[in-house]
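Contents: one structure, followed by commentary.
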Amino acid sequence: MSSDLYRLAGADTGIRAFVTTFYDRMFEDVMIGFFFRNADKRRLIDKEVELMARMLGHATRYTGKPIREAHAPHPIMGGHFERRWILLKEAMQTHGVPVSVQEAIEEHTRKLRPLVTAQPGSQCDHSKVIHRSDEKKGG
């Protein structure tokens, strides 16, 4: 049985749309794109859709590698992890993914962090980040 979050995300079609945008952006990104130089984008999208659907409560089977095993060969730093999150959030916003779905995905994504990078102390304190647009406003 599908969950409300899975349905709110647009089921597989909606999830595939924002995940495809997300992977397009990651593959082209100057900060993390190099991780994907030799990757099969279509396969990664398929596995991410499975993971997202399952994360949102759908009874689908995830057929990818365990998260730690998939990321272990790569020198992923905390900043890389944060950049990935920013690109995912932007892709979800581009596709109008409801905030409740975005929050559930963020919560789950943050829990996966220790499986992706072991770099201690690299978490970003978003409450202390000053954005350039805030500086211009005097904030």
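The values are calculated or read from the model by the stated rules, or taken from the named source; none is laboratory data. Here the structure is a predicted model, which means the values were calculated and not measured. Counting neighbours? That spans all protein chains shown, and the Cβs are built from the backbone with ideal geometry, glycine included.
Data for the structure
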item: The lone exception for residue 97 - which of (1) touching a residue at least 40 places away in the same chain (Cβ under 8 Å); (2) under 22 Å from residue 38 (Cα atoms); (3) not in a helix (DSSP H, G or I) it fails; result: (2)
item: Residue in the stretch 49-56 that is surrounded by 15 or more Cβ atoms within 10 Å (Cβ to Cβ), among the basic types (Lys, Arg) and within 18 Å of residue 106 (Cβ to Cβ) present; result: yes
item: Filter result for residue 25 (touching a helix residue (DSSP H, G or I) at 6+ places or on another chain (Cβ under 8 Å), farther than 17 Å from residue 103 by Cβ and in contact (Cβ under 8 Å) with a residue 60 or more places away in the chain); result: yes
item: Yes/no for residue 15 being surrounded by 14 or more Cβ atoms within 10 Å (Cβ to Cβ), in a helix (DSSP H, G or I) and aliphatic (A, V, I, L, M); result: yes
item: Pairs with Cβ under 7 Å, 6+ apart, first in the stretch 46-64 and within 19 Å of residue 101 (Cα to Cα), second part of a loop (DSSP other than H, G, I, E, B) and modelled with pLDDT of 95 or more; result: 56/9
item: Set 54, 42, 61: member being closer than 25 Å to residue 7 by Cα, assigned to a loop (DSSP other than H, G, I, E, B) and either touching a Lys or Arg at 6+ places or on another chain (Cβ under 8 Å) or of a type outside the set (A, V, I, L, M, F, W, C) (or both); result: 61
item: Top-ranked residue in the stretch 57-105 [being within 22 Å of residue 16 (Cβ to Cβ), among the β-branched types (Val, Ile, Thr) and surrounded by 16 or more Cβ atoms within 10 Å (Cβ to Cβ); ranked as modelled with the lowest pLDDT]; result: 60
